[in-house]
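The values are calculated or read from the model by the stated rules, or taken from the named source; none is laboratory data. If you're wondering where the values come from, they're calculated on a predicted model, not measured in any experiment. Neighbour counts are summed over all protein chains in view; Cβ atoms, including those assigned to glycine, are modelled from backbone coordinates with ideal geometry. To get the accessible areas, we keep the full protein, side chains included, count just its heavy atoms, and leave off ligands, DNA and RNA. Shrake-Rupley method; radii C 1.70, N 1.55, O 1.52, S 1.80 Å.
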Amino acid sequence: MEDNFKISTHAGEVPRMGVNPNVSRRTFLTWFMAGLMTATVVAGLLPIVVYIWPPPTKGEKNADVKVSLDKPLSELKDGDAALFKAPDNTAFVMKDGGGDNAPGDRAYSGYVVKKGADLIYLAVNCSHLGCSVNFNKDRHQFECPCHGSIFSMTGQVTHGPALVALSHLSCKTEGDGALLVAGITSTPPGG
């Protein structure tokens, strides 16, 4: 019977199951609290990060959006502007901006302006609070109906309350005269 049982009288021989005997209670609690605080901070910041950089909406992709104008670009006269709208399930992406507009924001219509030999492509969104501006043919300027901001033919502010120019759109023309605007296309649910 004596060979089957061995009784240990030394505390150093008690198995500790992988526990490091050199870690004090204070060290353990410090690491535990640091881990707990880190997990709390990550859990609190994650929704903010997702809000600032949202994941792309399902079914959306960057693509050139083909739009047609009421009259061809070749028929625009100096000082003319033509409105164009985004087709269903598409939007234009603003190239620059300020105020209520920011690069990458969406616009659902825009203007092409003939200024001398240049064509300028502007988003329709007012930089003050995002209302849609209208083109005044007689005065050759853009006017915001909401708060009275006025913009020149090139989109620069001539009268406030807007402080920043209208946003530009990235555009190119195809051989058939169609206009391609940098934008976003989305697939409707179930489509």
- Total charge of the residues flanking residue 130 in space, meaning their Cβ is under 12 Å from its Cβ, with Lys and Arg +1 and Asp and Glu -1, is -1
- Measure off 7 Å from each Cα along the Cα-to-Cβ vector at residue 51 and residue 109, then give the distance between these two points in nanometres to one decimal. 3.3
- Message: Suppose a student asked you for the relative contact order of the stretch 117-160, using Cα pairs under 8 Å spaced at least 6 residues apart; what percent would you report?
- Response: 24
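Specify the longest stretch of the chain that does not include any exposed loop site, a site being one of the GluC sites (Glu not before Pro) with a non-H, G, I, E, B DSSP assignment and at most 15 other Cβ atoms within 10 Å. Each step should come with its number before you reach the end.
On the way: sites that count: 2, 174.
Here the longest segment lacking exposed loop sites spans 3-173.
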- Checked against a 18 Å limit on the C-alpha separation, the offending pairs among 58/85; 137/172; 58/95; 71/137; 66/115; 66/137 are 58/85; 137/172; 58/95; 66/115; 66/137
- Item | Accessible area, probe 1.4 Å, largest first, for residues 118, 80, 100 | 118, 100, 80
- Task: May I ask you to derive the relative contact order of the chain, considering only C-alpha pairs under 8 Å and at least 6 residues apart, and to give it as an integer percent?
- Result: 22
- Disulfide-incompatible cysteines by the Cβ rule (no partner under 4.7 Å) in the chain: 171
- Message: List residues of the stretch 96-121, by number, whose backbone nitrogen lies under 11 Å from a label position 7 Å along Cα→C-beta of residue 64.
- Response: none
- Does anyone have the angle between helix 25-52 and the longest principal axis of the chain? Alpha-carbon axes, 0 to 90°, nearest 10? 20
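Two decimals, Cα atoms only, Kirkwood Rh: what is Rg/Rh over the chain? Provide the component values of the computation, followed by the final result.
Values: Rg = 31.7 Å, Rh = 21.4 Å.
My calculation of the ratio gives 1.48.
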- Query: Under a point spin-label approximation (7 Å from Cα along Cα-to-Cβ), what is the residue 43-residue 26 distance to one decimal in nm?
  - Reply: 2.9
- Task: Starting from the residue with the highest accessible area, list 139, 25, 106 in decreasing order, probe 1.4 Å.
- Result: 25, 139, 106
- Task: Enumerate the amide H contacts of residue 60 below 5 Å, restricted to partners 5 or more residues apart or on another chain; note that Pro and chain-start residues carry no placed amide H.
- Result: 187
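Leaving ligands, DNA and RNA out of it, rank 37, 94 by accessible area with a 1.4 Å probe, largest first. All intermediate terms of the calculation are to be shown ahead of the outcome.
Numbers: 37 120, 94 5 Å².
Per-residue accessible area, sorted high to low, gives 37, 94.
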- Note on the structure: One checks the Cα atoms of the stretch 42-120 and finds Rg and Dmax, in Å, of 17.4, 58
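How big is the Kirkwood radius of the stretch 87-153, worked out from every pair of different alpha carbons and given in Å to one decimal?
Values: mean 1/r = 0.0798 Å⁻¹.
When all Cα pairs of the stretch 87-153 are included, the Kirkwood radius is 12.5 Å.
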